[in-house]
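Could you have a look at this structure, given as structure tokens, before my questions?
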Amino acid sequence: MSTRIKGIVGPYRKSPGLILEELLAIRAVCEKCNTQNKIDWNEDLEHPRQPIVADDGRIWVPVSFPVSCVCGEIIDYQIKEKPRQGGRTFYGDEAHRLIKTTEGEISFFCITLVGIHPDLREGFEAAVSALKQTLKPDQDPKEWTYHATDIWSTHPDQRKYNLISVPEKISHMKSFAKLIRDAKPQITTMNFSSAIILPDEKAERKEMLNFQRDDILKQATLTSLEILRNNSMGINWIYDNIKDTTTGERTEGWADECFLGLQHNRQFVYLTAYANIAKPNFVRPGSHYLLEVADFISYWVAREFFRSISKQPIEIKCALMGAGIYQWVDINGNAEYTTCNGSDAIKRYFRQK
């Protein structure tokens with residue numbers, strides 16, 4: 001199942017075999033024989049299509065890619081330019097759950113991206129800080145990182161947070177969920193998830209877990225790029241690093257390889273539509289307040305899936321966070337996304353069975 005390929009400029013991980021429906025009807029017309037050729041959107045390009053910084057500081061972006069015609073001619077397919085009216089930075093964090101069921105062990109993995117309108121930044125950051133302050137009244141909220149896992153699992157007797165019971169934890173979490181819901185639509189949330197049954201064999205299991213992680217990162221990149229470019233915006237991604245970056249920022253090698261794999265992909269080049277799209281940055285966990293928001297959302301999406309499949313009561317339903325963009329892969333391997341609340345998205349997993 002390994003998707004790591006040795007490329008000319010370095011190893012890369014092949015892009016997911018998912019094609020946007022709107023691309024299926026596109027044809028590359030050969031000027032020599034007038035044949036309308038289908039485009040193989042998942043065939044890897046020999047060279048990645050990457051932005052190039054010129055000596056004068058200008059940035060040259062990819063505007064075409066090659067397509068082979070049946071007559072042997074190589075068509076230089078020109079991408080349609082989309083307008084750019086600014087850009088957004090989206091902050092992302094992940095959550096993972098292993099769930100034992102009668103069908104086998106299920107791995108649920110999701111990534112949440114959070115972006116915000118510039119007019120709301122200052123007020124929303126202040127609201128998040130105020131909510132954190134209630135947990136540690138004697139400590140500056142900027143001096144510690146909000147992790148939903150730690151806050152939910154820490155026993156009240158430890159006195160780490162100003163929460164003395166489970167009902168108080170639930171009340172606090174509902175307040176955070178309401179904060180997110182009330183900020184919409186000025187705050188945009190996207191969640192991308194996958195659930196797979198793991199094999200028993202150790203090496204194959206590890207490979208599938210890595211594949212799932214890579215696949216969801218690529219899906220998050222492609223879909224968020226499509227959504228932002230369709231709205232005439234550029235996009236940057238900043239992710240919470242799953243490794244320790246206490247001594248400095250450090251980009252995940254596997255994520256670099258995933259992004260390089262996308263640059264080998266015609267679909268990704270088509271979606272950029274003349275925009276300069278840089279690779280994601282991975283930073284110290286919780287180093288931005290929107291990373292804390294993404295952490296909160298991912299935690300409760302994963303927990304609601306876990307509690308639902310385990311047929312246990314759900315303490316904080318994702319519906320409390322309001323409508324967001326949710327993407328999942330159905331049983332036929334097709335990626336679907338829609339705007340709904342998270343609880344409705346999770347229910348769709350179970351309606352597939």
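The values are calculated or read from the model by the stated rules, or taken from the named source; none is laboratory data. Because the structure is a prediction, the values reported are computed rather than measured. Neighbour counts run over all protein chains shown; Cβ positions are idealised from the backbone, glycine included.
List the number of the failed condition for residue 45; all other conditions in (1) within 23 Å of residue 17 (Cβ to Cβ); (2) surrounded by fewer than 11 Cβ atoms within 10 Å (Cβ to Cβ); (3) among the aliphatic types (A, V, I, L, M) hold.
Condition (2) is where residue 45 drops out.
Hey, does region 173-184 have a residue that's of a type in the set (A, V, I, L, M), modelled with pLDDT under 95 and surrounded by 12 or more Cβ atoms within 10 Å (Cβ to Cβ)?
no
Among the residues of region 205-221, are any modelled with pLDDT of 95 or more, of a type outside the set (S, T, N, Q), touching a helix residue (DSSP H, G or I) at 6+ places or on another chain (Cβ under 6 Å) and in a helix (DSSP H, G or I)?
no
For (1) more than 21 Å from the chain's Cα centre (by Cα); (2) without any contact (Cβ under 8 Å) to a residue 12 or more places away in the chain, each residue gets a yes or a no:
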{"site": "146", "(1), (2)": "no, no"}
{"site": "152", "(1), (2)": "yes, no"}
{"site": "157", "(1), (2)": "yes, yes"}
{"site": "212", "(1), (2)": "no, no"}
{"site": "218", "(1), (2)": "no, no"}
{"site": "226", "(1), (2)": "no, no"}
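Then there is this: Which pairs have Cβ atoms under 7 Å, sit 6 or more apart or on different chains, and link a residue in region 10-21 that is modelled with pLDDT of 75 or more to one that is among the aromatic types (Phe, Trp, Tyr)?
19/41
Oh, and also: Confirm whether residue 143 is of a type in the set (D, E, K, R) and surrounded by 12 or more Cβ atoms within 10 Å (Cβ to Cβ).
It is false that residue 143 is of a type in the set (D, E, K, R) and surrounded by 12 or more Cβ atoms within 10 Å (Cβ to Cβ).
Report, by residue number, each residue of region 269-293 that is farther than 21 Å from residue 254 by Cα and among the aliphatic types (A, V, I, L, M).
Across region 269-293, the qualifying residues are 271, 273, 275, 290, 293.
Here is a further query. When you check residue 316 against the structure, is it in contact with a helix residue (DSSP H, G or I) (Cβ under 7 Å, 6 or more places away or on another chain), in the same structural domain as residue 126 (by TED's automatic domain parsing), β-branched (Val, Ile, Thr) and more than 30 Å from residue 59 (Cβ to Cβ), yes or no?
For residue 316, the condition - in contact with a helix residue (DSSP H, G or I) (Cβ under 7 Å, 6 or more places away or on another chain), in the same structural domain as residue 126 (by TED's automatic domain parsing), β-branched (Val, Ile, Thr) and more than 30 Å from residue 59 (Cβ to Cβ) - is met.
Find the strands (runs of 3 or more DSSP E) located wholly in region 47-151 whose residues include 2 or more that are in contact with a His (Cβ under 8 Å, 6 or more places away or on another chain) and hydrophobic (A, V, I, L, M, F, W, C), and list them.
104-116
If residue 4 satisfies every condition in (1) farther than 27 Å from residue 233 by Cα; (2) modelled with pLDDT under 90; (3) in contact with a Cys (Cβ under 9 Å, 6 or more places away or on another chain) but one, which is the exception?
(3)
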